[in-house]
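*Asks:* What follows is a single structure, and I will ask about it in a moment.
The values are calculated or read from the model by the stated rules, or taken from the named source; none is laboratory data. Bear in mind the structure is a predicted one, so any value in this text is a computation, not a measurement. Positions of Cβ are generated from backbone atoms using ideal geometry, with glycine treated the same way; all protein chains shown enter the neighbour counts.
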Amino acid sequence: MAQRTVDEQSPPTGVATQTARRRSFAVISHPDAGKSTLTEALALHARAISEAGHVHGKSGRRHTVSDWMDMEQARGISITSASLQLMYRDTVINLVDTPGHADFSEDTYRVLAAVDSAVMLVDAAKGLEAQTMKLFAVCKHRGIPITTVINKWDRPGREALELMDEITERTGLTPTPLTWPVGIAGDFRGVLDRRTGQYVRFTATAGGASIAPEEVMDPEVAATREGEAWETAAEESELLAAAGAEHDQETFLAGISTPVLFAAAVRNFGVHALLDVLVDLAPPPGPRPAVDGGARAVEDPFSAFVFKMQAGMDTAHRDRLAFARVCSGVFERGMVVTSARTGKPFATKYAQQAFGRDRSVVDEAYPGDVVGLVNAASLQVGDTLYLDKPVEFPPLPTFAPEHFATVRAKDAGRYKQFRRGIAQLEAEGVVQVLRSGLRGDQAPVLAAVGPMQFEVAQHRMASEFNAPVELEPLGYSLALRTTGQWAERLTAERDVEVLRRESGELLALFPGQWRVRSVQRTHPDVVLEPLVAA
Ligand code: GDP
């Protein structure tokens with residue numbers, strides 16, 4: 001949990017200095033694109049300072065450091081995620097983990113509110129996949145700058161130019177490759193560094209277990225050495241230049257263009273280049289907009305917001321761990337801060353639990369860092385914490401759910417506990433709760449981004465609120481925003497239902513996009529809006 005931010009080499013002081021040397025990012029990718037492998041490779045090339053919670057979940061590469069819930073232990077996966085802190089070139093890099101696979105959930109999206117940039121990791125053979133596109137949509141909505149990494153270039157895949165076209169067409173971003181592969185996918189020899197014109201040749205190490213040596217050569221040497229592979233790379237790079245695909249810092253920061261790198265994470269190829277891009281190009285934490293229309297400057301007194309809650313070891317005591325991103329000032333262990341939502345004080349302590357290997361608790365954190373706060377049962381996802389000067393950050397958005405199920409108490413006599421539990425889970429953002437007059441309060445609809453959220457809800461209803469529940473999946477997979485005037489006509493349609501969020505907003509649920517199209521054909525005037533973020 002503890003974030004060791006003490007720089008052992010040359011301790012610079014002051015919040016502005018510490019903020020300027022911080023980069024916080026998340027990887028957006030589809031399962032199997034190589035996120036865990038890349039994380040591992042980054043940790044090999046940069047010095048890991050601390051690990052908050054669990055980062056690596058597979059292949060037994062490293063043991064899981066947080067097994068908080070029984071369920072989590074049983075399944076060997078992490079339900080909620082945390083962050084990994086690395087030191088590279090005197091820069092503190094926070095990699096905030098985005099849960100994927102079976103644990104893909106609203107938390108995955110919320111992580112994107114805690115970072116200043118994202119790395120879009122793409123499998124060279126598969127291109128842009130579904131989960132990547134969903135996460136991209138949230139990044140785009142938030143205006144987060146994106147660096148693209150084309151991974152697995154050591155394996156047969158698509159052509160590099162074709163991948164660039166796909167990025168342009170499907171994301172609207174202008175790809176501006178910083179490196180260009182020498183050798184087709186499956187024959188990865190190195191990259192042409194388009195900024196220097198030089199050839200960076202990769203040399204494989206056994207199993208990719210250690211840092212792969214890179215040799216930098218002049219173009220003439222590269223041409224002699226690699227022949228046609230070099231010529232092709234140089235020609236394609238010129239084509240890109242002619243098309244204006246050159247890095248532009250302003251459009252990158254504005255989320256209009258995306259620098260592209262080619263890599264093979266499993267061999268540690270291209271990993272240095274990514275770290276360099278993070279340090280040289282990715283933005284440091286900046287002022288954060290507040291609900292009052294102003295912004296919290298990084299030098300202002302301490303502030304942070306909670307982007308994730310995790311149940312503690314001892315569910316009987318409702319222990320909660322809150323992960324908060326520092327937005328301004330210095331976080332000092334033991335400091336008493338105010339929760340903007342309740343106006344109540346919150347005494348901070350780092351988690352005392354020992355995580356992983358030898359790791360000392362460190363006492364300070366700066367903007368961009370993630371802190372794990374224990375005994376946080378009074379906090380909720382989206383809460384703002386501050387010291388001295390009050391501030392409140394806008395609430396985290398709720399995201400478009402794709403899984404729906406009715407929930408009801410197994411024991412009708414426990415309706416009071418049931419209602420309290422559902423309200424609590426809703427307030428915490430564990431699941432979304434949708435209601436309608438037709439369904440009544442006994443069996444509201446739970447809505448989630450990932451089915452894991454249902455399991456967490458079910459588990460907590462039984463273990464914590466003493467109200468075991470039954471879930472019945474509904475055949476919907478899509479929710480669109482609508483308004484009261486259309487509700488009646490939509491409800492009259494087969495396989496369509498209109499439900500109300502706590503906020504009063506109405507969502508029309510459909511079994512799939514095909515049904516949306518047919519309903520729109522019948523009722524061209526009915527307004528249905530996509531729901532990336534509210
Ligand atoms: P994640 O689901 O995105 O975390 O993906 P993993 O990191 O677990 O990788 C999925 C699979 O792809 C594993 O078998 C990796 O060894 C493999 N993989 C990851 N990166 C590369 C790469 O650069 N080249 C090749 N050939 N395989 C890779």
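*Asks:* Counting only residues that are buried (at least 17 other Cβ atoms within 10 Å of the Cβ) and β-branched (Val, Ile, Thr), which one in the stretch 437-488 is modelled with the lowest pLDDT?
*Replies:* Residue satisfying both the conditions and the ranking: VAL456.
*Asks:* Quick one: how many residues across the stretch 258-295 are touching a Gly at 6+ places or on another chain (Cβ under 9 Å) and not in a loop (DSSP other than H, G, I, E, B)?
*Replies:* Result for the stretch 258-295: 8.
Table: residues versus (1) surrounded by 15 or more Cβ atoms within 10 Å (Cβ to Cβ); (2) of a type in the set (A, V, I, L, M, F, W, C); (3) in the same structural domain as PHE188 (by TED's automatic domain parsing).
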| position | (1), (2), (3) |
| --- | --- |
| VAL221 | yes, yes, yes |
| THR224 | no, no, yes |
| SER237 | yes, no, yes |
| GLY244 | no, no, yes |
| SER257 | yes, no, yes |
| LEU261 | yes, yes, yes |
| ALA264 | yes, yes, yes |
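*Asks:* Considering (1) of a type outside the set (Val, Ile, Thr); (2) within 14 Å of the ligand (Cβ to nearest atom); (3) surrounded by 22 or more Cβ atoms within 10 Å (Cβ to Cβ), say which one SER117 fails and leave the rest.
*Replies:* With respect to (1) of a type outside the set (Val, Ile, Thr); (2) within 14 Å of the ligand (Cβ to nearest atom); (3) surrounded by 22 or more Cβ atoms within 10 Å (Cβ to Cβ), SER117 is out only on (2).
*Asks:* Restricting attention to the stretch 172-188, does a residue exist that is of a type in the set (Val, Ile, Thr), away from the ligand (no atom under 16 Å from the Cβ) and in a loop (DSSP other than H, G, I, E, B)?
*Replies:* No, that holds for no residue.
*Asks:* Output the helices (runs of 4 or more DSSP H) that fall wholly within the stretch 1-103 and possess 2 or more residues being of a type in the set (S, T, N, Q) and modelled with pLDDT of 80 or more, or say none.
*Replies:* Counting at least 2 such residues, we get 15-20, 35-45.
*Asks:* Here's a follow-up. Would the stretch 134-151 turn up any residue that is modelled with pLDDT under 95 and within 14 Å of the ligand (Cβ to nearest atom)?
*Replies:* Taking every residue of the stretch 134-151 in turn, at least one turns out to be modelled with pLDDT under 95 and within 14 Å of the ligand (Cβ to nearest atom).
Residue by residue, here is whether (1) within 22 Å of SER436 (Cα to Cα); (2) crowded, with 20+ Cβ neighbours inside 10 Å; (3) not assigned by TED's automatic domain parsing to the domain that holds MET309 holds:
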site: VAL371; (1), (2), (3): no, yes, no
site: SER378; (1), (2), (3): no, no, no
site: GLY382; (1), (2), (3): no, yes, no
site: VAL391; (1), (2), (3): no, yes, yes
site: PRO395; (1), (2), (3): no, no, yes
site: ARG414; (1), (2), (3): yes, no, yes
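To keep it simple, each residue is scored yes or no on (1) buried (at least 16 other Cβ atoms within 10 Å of the Cβ); (2) at pLDDT 55 or above; (3) among the basic types (Lys, Arg).
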site: HIS317; (1), (2), (3): no, yes, no
site: CYS327; (1), (2), (3): yes, yes, no
site: ARG333; (1), (2), (3): no, yes, yes
site: THR338; (1), (2), (3): yes, yes, no
site: ARG341; (1), (2), (3): yes, yes, yes
site: TYR350; (1), (2), (3): yes, yes, no
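*Asks:* Limited to the stretch 27-39, what total is found for residues that are crowded, with 24+ Cβ neighbours inside 10 Å, more than 12 Å from HIS272 (Cα to Cα) and more than 6 Å from the ligand (Cβ to nearest atom)?
*Replies:* Summing the residues that are crowded, with 24+ Cβ neighbours inside 10 Å, more than 12 Å from HIS272 (Cα to Cα) and more than 6 Å from the ligand (Cβ to nearest atom) in the stretch 27-39 gives 2.
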